[in-house]
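Below is one structure; the comments refer to it alone.
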Amino acid sequence: MERAAITPPGTAARRRTNEPLPSGSEWRFDLIERYDREIARVAERYGLDTYPNQIEIISAEQMMDAYASNGMPIGYHHWSFGKRFLATEQIYKRGAMGLAYEIVINSNPCIAYLLEENTMPMQALVVAHACYGHNSFFKGNYLFRAWTQPDAIVDYLLFSKQYIAECEQRHGEEEVERVLDACHALATLGVDRYKRPPKRTLAQERLRQKEREEHLQQLVNDLWRTLPRRAGSEDESAELRFPSEPQENLLYFLEKHSPLLEPWQREMARIVRKLAQYFYPQRQTQVMNEGWATFWHYTIMQTLYDEGLLGDAFLLEVLHSHTNVLTQPGFDSPYFGGMNPYALGFAMYRDIRRICEEPTDEDRRWFPDIAGSDWLKTLDFAMRNFKDESFIQQFLSPQVIRDFHLFCLLDDDEAPNLRVGAIHNDEGYREVRETLARQYALTEREPNIQIVNVDIGGDRSMTLRHYRSDRRPLHPAYKDVMKHLAYLWGFTVRLETANEDGTVEPTHEVKVDKRRRPELTLAAALRTLP
Amino acid sequence: MSEIIDRRENPRHKSAVNAQRFLKRYRAQVREAVARAIGGRKIAEADRDASISIPARDLNEPVFHHGAGGKREIVLPGNKEYVTGDEIARPPGGGRGQGSGASDDGEGEDAFRFRLSREEFLDFFFEDMALPDLIKTQLTAIPHHQRIRAGYRTDGTPSNLAVVRTMRESLARRIAFQSPHLARVAELERELEALGGEHADRNDPRVAELLEEIEALRRRIAAVPFIDTFDLRFRNRIVQPLPIAQAVMFCLMDVSGSMDETRKDLAKRFFILLYLFLKRHYERIEIVFIRHHTTAKVVDEEEFFHSTETGGTVVSSALALADEEMRTRFPLDQWNIYVAQASDGDNWEGDSPRCLELLVQNLLPKVQYFTYVEITTGDPQNLWVHYEQAKATRPNLALGRIRDRTDIYPVLRELFAKKEKQAA
């Protein structure tokens, strides 16, 4: 992406009339404040709508802590976070990896962590990137609006941490860990893709949690009631299918219907599910989100430079970091690690602006609606209403495909060789675009697995079905996941595969014969006694 | 408006609990890794932090995701020469990790590496030797320090105020600030004297002027404070490791054919434990390695543990050599001497009485402590039988027969108990 890297700043006539802001590489709090004020002013001029910012300066060790907990300021305890921390520490201390310059949290106020080791130009860059780029994306993009509650997330994290700590005291660390392990294994299948979650505050959440415990148990008991059936109703029950439709949200299903889970275990499944749901939009907007933040730190910094507020050396350091972030090695490079979302996203937003401002004939043919339109409005529209998949489908232009030299590669394990598909020419643009869009679709990236049947009249076994596409098999780790599922369900679980031709074949089974840990259930029963 | 907060002073190590949980969960694997690390360490390096690796496959967090195989089409950047329809041979090893299959944690690497701190490392090391907690704490603790005087400084707590020093500074300052004025006053007074002294005419303008100036100068002289914060001097104290004494540790090991790797490993742990104990009590420790079969030799650590020889066993050769070394290199008035001997107990029959004689006559009177471990599963061997005769009358001799790691500590228990009592 040399093209995007260092273009001569400000083609328009520069008004370098202002007194430049203090430069030099040492940052100070008052300096960050001054830069932030200027950046905020420019961001507002470009119409970026943001949550209030809370900028926190942290040390390298604290940054490693933040890494280990997905950037969350508060988190419940679990060994997997410790594993992540130890791994990060080892890599960092050997010098094999630098730490991120910032981490930003989708909350209101929007919390951004800045590393104390950054230089002043880096801090300014990071403020523009995180506090105005990511922040406005969190506030504007439809997925984040629908799926996350930035007002409540910190409260919810606090609630979940306290709740799980309480469970550890009452039921023992090992018990809690066992449930969390199982829930984590199913976390990616813990999202309702179509239903929008209700919004709640911490106080409501606590209140609800108590009611929910009792109510849920009641519901479960109803479902599993073993009243003797009247004669004659047998064929009726044989027809009864549960769930009536396939369920994709495994954790939700377990929380509501698993027969043997205790109330606190259901609540933990819910916590893991809620947090998975919080990260769900981020998984689908990598290119858009990073591209957006990169586009705006670049644009804001250029504007400040054009206004005469930044010195040459300051801008050069900013551009140096900027270019590093945007490196996209070719597929045959030893450094290649997939498409760089920063590079692709940045190139696409810049290209949309170009199409608006200086459309070519090709652009007019491909993008009649946006060629020559107001670039700020078009960019804002693009940011708000898409996810990676649809964003690429809608806005990836021939120009960007050419710049990146994109091409399709077909990997079919039945063919002896890999085959090159569409490339960056007139016949290929559309196919490249579609293929790349599909590559970012969550439905394509993750296997489609749903609950199709629970034998409520019989042995209570649960059946999952993997809807296979393109003959792509599951990673063998599915056997371990099934064990976790069996633990949460308490009875036999089966996995079957629906092939492309519609036939279904059994794949795997985890048998659970006896009721799991009867002494625990007894303990639970005793607790309910006065 | 943005709010900027300095969080750097907030507690670090938020992940400490999680890291502990991780270590607890994978205790068995970590312990194995620590045991491996001990094998590769020198005795004097036993208590350091360490980079540990455990198999990554054990700590996967499984999720449903796609495996290799099937059909998929991906988009790649950086096309140079390919046109539609080109065929490319598959890269060897099927290594296409990129594209849509976002790689998951821990995949593709076979070892998970991380650091154990010194305390964590020792904890794991002690764990399978069944050390009592008190001893563990004592061994893990950093050695004592003492605070010693080291000159003076300009700030400190009132209790450390060095009065004499402060007064000296004060005097110097007063002299420096007052003396120019004093000289001038003397000069003016002389002039006043010339004009009549006490009886001078107060209406004479010159006299009035003189009196006024003298008065002003006296005020300035009086204004120089007796003590200024500038004068304060405090005793400076710095922390220094407590120099107790120096000790030499003799490691004696039988390297005849019957000592196999497992036995040597046990012996090594025995030596390490004694070393850690000594390290806590002595500032400087020398280690002398003596190996023997029919003859004894002073060797370095590498050779001590790793080269093998065959042949018979004459233990007295090692004892004699140790005695010789003590006489020539480690005078008793400068060194505390400890001996740790490890053997499978199999000695040439005629030699054991000689060993007992050497031990009782020459060694035990010199050494602080002599420990002997017999690494064996069977009946006591002849060396044990002879050593045991000396046991009753000699309190600084400890004998032990060990089969596995948990047997090591009891041999040293008495030593630890005794030393702690002395220290208390």
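The values are calculated or read from the model by the stated rules, or taken from the named source; none is laboratory data. This one's a predicted model, so the numbers in the text were calculated from it and none came from an experiment. Using ideal geometry, Cβ is built from the backbone for each residue, glycine included, and neighbour counts are taken over all protein chains shown.
Of note:
- Helices (runs of 4 or more DSSP H) wholly inside the range B:228-342 containing at least 2 residues that are closer than 27 Å to B:Arg36 by Cα and either free of Cβ contacts under 8 Å to residues at least 24 places away in the same chain or not assigned by TED's automatic domain parsing to the domain that holds B:Lys42 (or both): B:261-281, B:301-306
- For A:Glu166, the conditions (1) surrounded by fewer than 21 Cβ atoms within 10 Å (Cβ to Cβ); (2) within 18 Å of B:Ser15 (Cα to Cα) are fulfilled apart from (2).
- Residue in the range A:396-409 that is within 14 Å of chain B (Cβ to nearest Cβ) and polar (S, T, N, Q) present: no
- From A:Ala371, A:Ala422, residue being modelled with pLDDT under 95, more than 14 Å from chain B (Cβ to nearest Cβ), surrounded by 18 or more Cβ atoms within 10 Å (Cβ to Cβ) and in a loop (DSSP other than H, G, I, E, B): A:Ala371
- The condition of being buried (at least 20 other Cβ atoms within 10 Å of the Cβ), at pLDDT 90 or above and of a type in the set (D, E, K, R) holds for only one of A:Arg465, A:Arg494, A:Arg438, that being A:Arg494.
- Among the residues of the range B:34-55, those that are surrounded by 15 or more Cβ atoms within 10 Å (Cβ to Cβ) and within 13 Å of another protein chain (Cβ to nearest Cβ) comprise B:Ala50, B:Ile52, B:Ser53, B:Ile54.
- Of everything listed in (1) within 12 Å of chain B (Cβ to nearest Cβ); (2) in contact with a Pro (Cβ under 8 Å, 6 or more places away or on another chain); (3) under 25 Å from A:Pro473 (Cβ atoms), the single unmet condition for A:Asn417 is (2).
- Residue check for B:Asn18: touching a helix residue (DSSP H, G or I) at 6+ places or on another chain (Cβ under 8 Å) and surrounded by fewer than 17 Cβ atoms within 10 Å (Cβ to Cβ): no
- Sole exception among (1) touching a residue at least 40 places away in the same chain (Cβ under 8 Å); (2) in a helix (DSSP H, G or I); (3) surrounded by 21 or more Cβ atoms within 10 Å (Cβ to Cβ) for B:Asn362, by number: (3)
- Hits in the range A:374-404 (condition: crowded, with 16+ Cβ neighbours inside 10 Å and of a type in the set (A, V, I, L, M)): A:Leu379, A:Ala382, A:Met383, A:Ile392, A:Leu396, A:Val400, A:Ile401
- In this structure, A:Arg353 does satisfy being surrounded by fewer than 18 Cβ atoms within 10 Å (Cβ to Cβ), in contact with a helix residue (DSSP H, G or I) (Cβ under 8 Å, 6 or more places away or on another chain) and assigned to a helix (DSSP H, G or I).
Yes/no per residue for (1) within 31 Å of the chain's Cα centre (by Cα); (2) assigned to a loop (DSSP other than H, G, I, E, B); (3) closer than 25 Å to A:Met482 by Cβ; (4) not charged (D, E, K, R):
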{"residue": "B:Pro11", "(1), (2), (3), (4)": "yes, yes, no, yes"}
{"residue": "B:Arg21", "(1), (2), (3), (4)": "yes, no, yes, no"}
{"residue": "B:Ala37", "(1), (2), (3), (4)": "yes, no, no, yes"}
{"residue": "B:Asp47", "(1), (2), (3), (4)": "yes, yes, no, no"}
{"residue": "B:Ser51", "(1), (2), (3), (4)": "yes, no, no, yes"}
{"residue": "B:Asp58", "(1), (2), (3), (4)": "no, no, yes, no"}
{"residue": "B:Phe64", "(1), (2), (3), (4)": "no, yes, yes, yes"}
{"residue": "B:Ile74", "(1), (2), (3), (4)": "no, no, no, yes"}
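- Test: residue in the range A:455-470 that is farther than 23 Å from A:Leu186 by Cβ, within 9 Å of chain B (Cβ to nearest Cβ) and in a loop (DSSP other than H, G, I, E, B): yes
- Exactly one residue out of A:Leu31, A:Leu125, A:Leu114 is over 22 Å from A:Pro281 (Cα atoms), surrounded by fewer than 20 Cβ atoms within 10 Å (Cβ to Cβ) and in contact (Cβ under 8 Å) with a residue 12 or more places away in the chain, and it is A:Leu31.
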